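The block underneath contains the structure these notes are about, expressed in structure tokens.
Derivation of every value follows stated rules applied to the coordinates shown; laboratory data play no part. All of these numbers come straight from a predicted model, not from anything done at the bench. Cβ sites come from the backbone with ideal geometry, for glycine too, and all protein chains shown count toward neighbours.
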Amino acid sequence: MRRLAVLAMISLAGMTAFAQTKAMKPKSKAEETAVRAMLAAADPDARIKAADDLITQFADTEFKPYALYLEADAYLQKGDAEKSIVYGEQALDVDPHSYQAAILLCKTYASTTHANDLDKAEKLGKIDKYGHIGLDSIATATKPNANLPDAEWLQIKNDLMGQAYYGLGVSAVFQNKIDDANTDFQKVAELDTDPTDMIRAGRALLDAKKPDQAIQWFDKAAAFPNATDQIKKIAASDKARAQSMIKK
């Protein structure tokens, strides 16, 4: 499964690094050390601490929005969606064009929204808002690293867009716009690199009591080129659950 943080996009050669709109550079050797520590952190807890240390010690760092995004991603890896949303929204406040933060928020809200949520309408509004911010921002984004091959940059952008379409598709499901949802989910299948997003798409349809619509996405998850045996087993189990719901 892919991590949301595209750390492969970062290059500290010459101390230029990932950015949405401009190259970022540390202002001192000490800040450079703190940035390197954040990027080299071996696990989510270490990354959260390193990102906090960077922001605290260097209040004017140009890396602040990316540090906040990395914290949001780290909390997501830890299974703490609430804190992930808090830090993701802070990252977007600092850099409104942070497509990684916007897409993380879109996907996190989509993954934690359910048909019977009392605040469902508010969540759906945020999914749509952040999904479109992400898609609009990435459409005009330039390569973060001049040495990144064009084909690899296109793959990264496609994968991010696929994640945004997953969120928008979930929102459409819960607004009972099933045709729109299937159109969005088809884009996920074409652009996304993670078959579990297809499983999540199918489960959203199951949650909305649309088992007949869900089956195709479980099939697509199992057919993904990089689908592991575990993914195929999960997809088959979810497909069987959908089929049993149809029989009822």
Check: the chain dipole with +1 on Lys, Arg Cβ and -1 on Asp, Glu Cβ, in debye: 600 debye
Set of aspartates and glutamates with alpha-carbon distance to LYS78 below 16 Å, sequence-local pairs under 8 removed: ASP43, ASP45
Taking the alpha-carbon distance from LYS83 and a cut-off under 25 Å, which lysines remain once sequence neighbours fewer than 8 residues away in the same chain are dropped? LYS49, LYS64, LYS107, LYS120, LYS123, LYS126, LYS129
Out of residues 5 or more away from MET24 or on other chains, whose amide H comes under 5 Å of its own, with H placed 1.01 Å from N in the peptide plane? ALA17
Cβ-based net charge around LYS49, under 13 Å, with every Lys or Arg adding one and every Asp or Glu removing one: -3
Compare the peptides 112-119, 86-93, 42-49 by average per-residue count of other Cβ atoms within 10 angstrom and give them in order, highest first. 86-93, 42-49, 112-119
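Would you mind ranking TYR66, TYR99 by Cβ crowding within 10 Å, fewest neighbours first?
With the sparsest Cβ surroundings first, the list reads TYR99, TYR66.
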Convex hull volume of the chain per residue (C-alpha atoms, cubic angstrom): 121 Å³
Label-zone membership for region 31-68, site ASP80, 7 angstrom Cα→C-beta point, backbone N under 15 Å: 43-53, 68
Nearest-20 debye value, region 153-248 charge dipole, Cβ charges on Lys, Arg, Asp, Glu: 440 debye
Straight-distance crosslink candidates among aspartates and glutamates, where the alpha carbon sits under 14 Å from LYS157 and sequence neighbours closer than 8 are dropped: ASP136, GLU190, ASP192, ASP194
